[in-house]
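Coordinate-derived values only; no laboratory data. The structure presented is a predicted model; accordingly, all values stated were derived computationally and were not measured. Using ideal geometry, Cβ is built from the backbone for each residue, glycine included, and neighbour counts are taken over all protein chains shown.
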Amino acid sequence: MKLYRNIILIALLGLIACNDDFLNLEPTDKVSADALFSSPEGVKVFMAGLYYQMPLEDFNWTPDHGFSWNTGDANNAGMFPIVITDDGIGSEHQSITSRGGYDFAWWERGYKLNRDINLLFQVIPELDVEQKEKDALYGEASFMRAYVYFELAKLYGGVPIITTIAPVDATEEELNVPRSTEKETWDFVLATCDTAAMLLDAGDGSRRRGTKYVSLALKSRAALHAASVAKYWDQSPLSGDAVDAALVGMDPSVAAGYYAQCISASEEIMNDGPFSLFHPSPASVEEATENYRQMFENPNRATGEVIFIRGYTLQGVDLGSNQDNWGNPAQTAGAWPHPGRFCPTLDLADIYENYSDPGQSAPIITTVDGDVENYDGYDPSRTYLEFDHPSDIFADKDARLGATVLLPGSIWKDVEIVIQGAYILPDGSPIGHIELNNAPVVGSPANFEVDGSTYYLYGGSTPKLYSGFSSVGGNMTRTGFGFRKFLDSEYVPILGWNYSTTDWIDFRYAEILLNYAEAVVESGTGDATVAAQGINALRHRAAHQGDVPLTLENVLRERRVEMAFENKRYWDLIRRREYHTAFFDTYRHALVPVHDLRSMKYIFVRRDCHNTQPMTFDDAWYYKTIPGTGANGLTQNPQY
């Protein structure tokens, strides 16, 4: 029965709209295998529906709406995981999370998908196909099951593990399955990954279905998460009934076992898999920048590095995404009225290395004294470094910064991106989007003349001619940086929802190298030489010439730079229990380009993001609240 093996998800999305009705035909506890798989269309609809429900944290994952938020009015700007970390902020949104919301809308949807997967397990034995085909079905269903419980474990800790469909006459006691411990839940996820990897082969190279190596990649990611939660459990103490029953939290002693599983799964991919880095040896920094950018513009160019993709071939409601509309700066916004909603922070830009001083983060120096801790705004008593062009200050930075972030003076779609916040007038007085001794500069004119020349405060006469710091409609960067990673250079934003069709990379080889390196350095086991080679291969792909030693600091910096905006930073802060220290009365920061008319040069001012408040992470947010505990009898998570 080859029809199952040849399903292509993207070709089936037009059938998915009827999927809920298809799966909920009466009776829901039993569906005839003959009826379910009586035609290629039945198989395709069922399997495509399962994949569509998968909890992939892609362009359409938002903290307040959960997964697949690409509705007919997907007003999700500024609400993506990008902007609830220290890597970004929204042009209108600044909150990092809240106790009352941001539950990722996954409990009910997760268990619905789990039910559908259990239905698949139930009917496989009845199929009139060869055992090889049944094994493939079992393997793919196991991969989906592992992914569902991986997401549940990240969000809630220990959860009820349900692997069968309850009979129609089930008692209330049978229906109310108690929570397993967090350790039992992680162990179930990893064991299910093993089952999937054992039953599946390497696949046909499409990178859009569960395979042996996709299952191992999930195990690598999940085991690292579990290991970190165990090792750093005591960093943010929680208490209460859920903790006492081990429904959340694990003893640090079990971390070693999880690191070992991460190392093993990663090694199998690294040693036996058909994967390699995309363009690993660029001839120049410029080439490295373009190679890295192209991989995310179209992941199908990089099938050697990509392990698993979610495809977005079709446009429209429930099909495409809005990342190009929200992400493009005002100057390339086309007909879309609300551009520039993702604002990368100075905090992120500071992490990238300089080529002239490799092996450490290189905060952007703006003054002769080199002070990078002062965020008070413009101070006329200080001596600022001067640059001929706004882009010159970034000349020595790692190539990935320019491929990930639109910098002041970047060229995007043949347009020079104008990001400017202020002027220093010939008499030395500042005007614009900077602060003098923490007092806002008021009364700044939209335009003015000096020596017969007209200057515009933000670098252009209308909002369509600049992309930074204006307060017009929240459609400008508030940090001095724009969003670039994933943007399609050929896409012209239109007035409509869900027209972006860039594919999302869910797993790629670079992450496996980073998972391995972190597990090795954290556990002191595995091959440290191979781990160091992995992180240095990523740096060489970014045009670095020398190597750096394998240290935790180097691994974590490389992870943050390499995986920026791939929705890993949120979970890295969660699993390593660093969120409450990263955000403790914390501002995110901006870099303001200032045109100094005294020298006709550019200077830069480091400052807090304009019109924001400090953010503090509540320890309770390490786990999400479990809905309906009054009715289902489940123990609620701590501090809710």
Using the Kirkwood formula over every pair of different C-alpha atoms, what hydrodynamic radius in Å results for region 360-505?
-> 17.5
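Suppose every K and R has +1 on its Cβ and every D and E has -1 on its Cβ; what is the size of the dipole of the chain about the Cα centre, in Debye to the nearest 20? Can you show the working numbers first?
Numbers: 50 positive and 87 negative charges, 116 e Å.
The dipole of the chain has a size of about 560 debye.
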Reported label for calculated Cα extents along the principal axes in Å given [x] 128, 64, 38; [y] 86, 53, 50; [z] 101, 92, 67 = [y]
Highest mean packing first, using Cβ neighbours within 10 angstrom, the peptides 200-208, 160-168 sort as 200-208, 160-168
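Ranked highest first by the average count of other Cβ atoms within 10 Å around their residues, in what order do 570-577, 339-346, 474-481 fall? Don't jump to the answer; show the numbers that get you there.
Working: 570-577: 19.5, 339-346: 27.4, 474-481: 25.6.
Put in order of decreasing packing, that is 339-346, 474-481, 570-577.
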Name the chymotrypsin sites (Phe, Trp or Tyr not before Pro) in region 166-216 that are in a loop by DSSP and that have at most 14 other C-beta atoms within 10 Å, would you?
-> none
Please provide three numbers in whole Å: the alpha-carbon extents of region 496-613 along the principal axes, with the largest listed first.
-> 57, 41, 35
Cα to Cα, under 26 Å, and not fewer than 8 places away if on the same chain: which lysines meet these conditions relative to K485?
-> K154, K397, K413, K464, K568
Once the dipole of the chain is set up with Lys and Arg at +1 and Asp and Glu at -1 on Cβ about the Cα centre, which of Y456, W336, L348 lies farthest towards its positive end?
-> W336
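List the GluC sites (Glu not before Pro) within region 487-566 that fall in a DSSP loop (any state other than H, G, I, E or B) and whose Cβ has at most 12 other Cβ atoms within 10 Å. List each step's numbers first, then the result.
Details: sites: E490, E511, E518, E522, E553, E558, E562, E566; in loops: E490, E566.
The qualifying sites are E490.
For region 269-308, report the % of Cα-Cα distances exceeding 11 Å. Don't skip to the end; give the middle numbers.
Values: 495 of 780 pairs.
Every Cα pair in region 269-308 considered, those over 11 Å come to 63 percent.
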For region 313-378, what Kirkwood radius comes out of the mean inverse Cα-Cα distance, in Å?
-> 15.4
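At 10 °C and a viscosity of 1.306 mPa s, what translational diffusion coefficient does Stokes-Einstein give for region 391-475, taking Rh as the Kirkwood radius over Cα pairs? Give it in µm²/s as a whole number.
Working: Rh = 14.5 Å.
In µm²/s, the coefficient is 109.
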Find the centroid of the Cα atoms in region 381-408 and in region 485-543, then give the distance between the two in whole Å.
-> 24
Dimensions (Å) - region 143-183, Cα atoms, principal axes, largest first = 32, 21, 13
For region 422-551, treating each Cα as an identical point scatterer without solvent, what Debye log10 I(q)/I(0) comes out at q = 0.13, 0.14, 0.15, 0.21 1/Å?
-> -0.83, -0.85, -0.88, -1.21
How many percent of the alpha carbon pairs in region 298-449 exceed a separation of 20 Å?
-> 65
Using Cα positions and a limit of under 20 Å, work out the lysines in reach of K134, with same-chain residues fewer than 8 apart set aside.
-> K2, K30, K44, K212
Cα-based Rg/(2.2 N^0.38 Å) for region 94-216, rounded to two decimals, is 1.19
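Please report the relative contact order for region 468-536, taking Cα pairs under 8 Å with a sequence separation of at least 6, and give it as a percent rounded to a whole number.
On the way: 31 pairs, mean separation 12.2, N = 69.
Taking the mean separation of contacting Cα pairs over the length of region 468-536, I get 18 percent.
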Helix 255-272 versus the longest principal axis of the chain: what is the Cα-based angle in degrees, 0 to 90, to the nearest 10?
-> 90
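Determine the relative contact order of the chain: mean sequence separation of Cα pairs under 8 Å and six or more apart, normalised by residue count, in whole percent.
Details: 1257 pairs, mean separation 119.8, N = 640.
Across the chain, relative contact order equals 19 percent.
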Report the charge-dipole magnitude of region 239-383 in Debye, nearest 20, computed about the Cα centre from +1 at each Lys and Arg Cβ and -1 at each Asp and Glu Cβ.
-> 640
Working note, region 170-265: Cα radius of gyration (Å, one decimal) and Dmax (Å, whole number) are 16.3, 49
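Please sort by residue number the GluC sites (Glu not before Pro) in region 334-407 whose DSSP state is loop and whose Cβ has at most 11 other Cβ atoms within 10 Å.
Values: sites: E353, E373, E386; in loops: E353, E373, E386.
Sites meeting the loop and neighbour criteria: E373.
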For region 50-58, Karplus-derived ³J(HN,Hα) couplings (6.51, -1.76, 1.60; θ = phi - 60°; whole Hz; x for glycine and proline) come out as 5, 5, 5, 7, 4, x, 7, 8, 10
Among the aspartates and glutamates, select those whose C-alpha is under 12 Å from the C-alpha of K231, and discard any that sit fewer than 8 residues away in the same chain.
-> D251, E522
C-alpha long axis of helix 107-123 to longest principal axis of the chain, angle in ° | 40
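Given contacts defined as C-alpha pairs under 8 Å and at least six residues apart, what's the relative contact order of region 368-459, whole-number percent?
Numbers: 98 pairs, mean separation 21.5, N = 92.
Across region 368-459, relative contact order equals 23 percent.
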